Amino acid sequence: MTDLRTELKDLVRREIEQNLATLIGISDWMYHNPEIGLQEFQASEKLTDVMAEYGATIQRGVAGMPTAFVADLPGGKPGPRIAIIAEYDALPEVGQGCGHNIIATAALGAAMGLARVTHRLPGSVVLLGTPAEESAVPNAGGKIHMIRAGHFDNLDAAIMIHPMTEDRIDYDSSLVAKGLELTFRGKSAHAAANPHEGVNALDALIVMFSSVGLLRQQIRGDARIHGIITHGGTAPNVIPAMTAARFRIRAADIAYAEELFKRVIACAEAGALATGCTVEWHEYMPAYLNMVPNQALGQAFANNLKSVGRDVNKPQARSGAGSTDLGNVSHHVPAICAYLEICGTEAGWHSTAVADATITAKGHQAIVDGAVAMAMTAIDVLCDDDMRAQARREFDAAQRFVGDV
């Protein structure tokens, strides 16, 4: 079996490297034509069109999202099943500032390579197109909607890569994240002639922001609360009758995130009470759960990254955690993500500097390295019964959230 695996890995690597121009072309196109969550129509079409050429069975518009897709690779058979995950949404203003064009095309490359050998593998491989990972649009979290629709059921593993400022396997947990949208309502009036007749909804919102700022000094070090004003009024000479804001509340665990969520709502209610306004709120997207990394999958991924020249065991250059809907996947099936360096820490993240890095030679190398390493890891997962059983035991023993978010 080891000799077969070596042969299959060589074949998928050759297929990916022969099609690198196609992968880079799509990634660079996505850089120049960024599409935010649930609007990634052209990116989704490009990815599925390529997979159709490779004989995949394509389901488009799954889980109620027009840009989501499932691409079952040809030659699959009963047995173990692994998912390769693609993300392809961009951010407002900074475009591909999280490098999802690299995530998408590395996943595509892995699927292209595997499509040439699936008839020789036990089990099956699916490429899952998951929209709206960024929390930039209402009802984001494409993976969560696809979990609810059953597209992550009956999987032995789910794997993906993510560009970053260093090479590493993500054995750290991410933060739980909840999304809150609020609307304050007051009464408009002329801001100079008769302001006393108005009820200022912007004042209510400012009181809320001030209260949240004071709250931050009393919260745990792992927690984060951050928000933006999405509507602050219409003109400076009109007392605002309506204002709106959007917040993200994060913590290392779901219980504390829920507690902070209630405290932020209390800050909003304080603003409304202090100014005579009313406030309405709702969760504008499902909660992102913390990541439950899988060491067994991670070690296999690390070994394959080493074979393409990526050292994931170097000391971590930066600390801090974000949130991802891959966390929800990791509570449902064994999952792992590998980070691949495309730029230095000076680029920050969620920035135009990161977006620009995706079209450099270093960014392009991350596509091929990520594609090859994911394809090789998929072969290991399907062929190695012991490793797959170890990953499942580790998953079963982990502390996971059971239920819907």
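Bear in mind that the values in this text are calculations on the coordinates, not laboratory data. What you are looking at is a predicted structure, and each value in this text was computed from that prediction instead of being measured. Cβ coordinates were reconstructed from backbone atoms using ideal geometry, including for glycine residues, and neighbour counts include every protein chain displayed.
Some values worked out for this structure:
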| read-out | value |
| --- | --- |
| Inter-site label distance for E346 and A191 at 7 Å from Cα along Cβ, in nm | 4.2 nm |
| The chain, relative contact order in percent, only Cα pairs under 8 angstrom and at least six apart counted | 23 percent |
| Sites Q295 and T360, calculated FRET efficiency, Cβ-Cβ separation with R0 30 Å, nearest 0.05 | 0.40 |
| Local net charge near S173, Cβ-Cβ under 11 Å (Lys/Arg +1, Asp/Glu -1) | -4 |
| Listed peptides 362-374, 269-281, 219-231 by packing density, highest first (mean Cβ within 10 Å) | 362-374, 269-281, 219-231 |
| Rounded to whole Hz, the Karplus (6.51, -1.76, 1.60) HN-Hα couplings of segment 343-358, x for glycine and proline | 6, x, 5, 5, 6, x, 8, 6, 9, 5, 5, 5, 4, 4, 5, 5 |
| Sites R263 and K306, calculated FRET efficiency, Cβ-Cβ separation with R0 51 Å, nearest 0.05 | 0.65 |
| Furthest towards positive pole of dipole, A266, M30, T377, structure part the chain, Cβ charges | A266 |
| Sequence-separation-based contact order of segment 176-283, relative, with Cα cut under 8 Å and 6+ spacing, percent | 44 percent |
| Tensor-based shape of segment 57-115 (alpha-carbon gyration tensor, a/c under 1.5 rounded, otherwise prolate or oblate) | oblate |
| Distance from segment 309-367 to segment 80-95 (C-alpha centre basis), Å | 12 Å |
| 13 Å cut-off, amide nitrogen to a point 7 angstrom out along E53 Cα→Cβ, residues in segment 113-132 | 113 |
| In Hz, Karplus ³J(HN,Hα) per residue of segment 269-278 (6.51, -1.76, 1.60; θ = phi - 60°; x = Gly, Pro) | 5, 5, x, 5, 5, 5, 10, x, 8, 10 |
| Nearest-ten-degree value, helix 385-397 long axis tilted from longest Cα axis of the chain | 20 degrees |
| Angle between the chain longest axis and helix 2-18 axis [Cα atoms, degrees, rounded to 10] | 60 degrees |
| With 20 Å bins from 0: P(r) over the chain, alpha-carbon pairs, percent | 27, 52, 18, 3, 0 |
| Helix 361-383 vs. the chain, principal-axis angle (Cα, 0 to 90°, nearest 10) | 60 degrees |
| Computed [θ] at 222 nm, helices only, for the chain once each DSSP H run of length n ≥ 4 contributes -39500 (n - 2.57) | -13000 deg cm²/dmol |
| Karplus 3J(HN,Hα) series, Hz, for segment 155-167 with 6.51 cos²θ - 1.76 cosθ + 1.60 (x for Gly, Pro) | 9, 8, 6, 9, 9, 7, 10, 9, x, 7, 8, 6, 8 |
| Furthest towards positive pole of dipole, S307, P293, N328, structure part segment 265-331, Cβ charges | S307 |
| Farthest positive-ward along the chain dipole, Cα basis, beta-carbon charges - from P122, G141, A107 | G141 |
| Relative contact order [Cα under 8 Å, 6+ residues apart], segment 232-358, whole percent | 20 percent |
| Exceeding the 28 Å Cα-Cα cut-off - candidates K77/K178; K77/K314; K46/K306; K262/K314; K9/K46; K143/K314 | K77/K178; K77/K314; K46/K306; K262/K314; K143/K314 |
| Debye, to nearest 20: dipole size of segment 176-283, +1 on Lys, Arg Cβ, -1 on Asp, Glu Cβ | 220 debye |
| Global geometry of segment 9-87, whether rounded, prolate or oblate, following the gyration tensor of its Cα atoms and the 1.5 cut on a/c | oblate |
| Using a Förster distance of 30 Å, the FRET efficiency for A397-R216 (Cβ separation, nearest 0.05) | 0.30 |
| Only Lys, Arg (+1) and Asp, Glu (-1) charged, at Cβ; segment 23-123 dipole about Cα centre in debye | 620 debye |
| Prolate/oblate/rounded label for segment 275-385 (Cα gyration tensor, a/c 1.5) | oblate |
| Cβ-defined net charge surrounding A63, 13 Å radius [Lys, Arg +1; Asp, Glu -1] | +1 |
| Separation in nanometres of the label points that stand 7 Å from Cα toward Cβ, at T22 and H226 | 3.8 nm |
| About the Cα centre, charge dipole magnitude for the chain (Lys/Arg +1, Asp/Glu -1 at Cβ), debye | 440 debye |
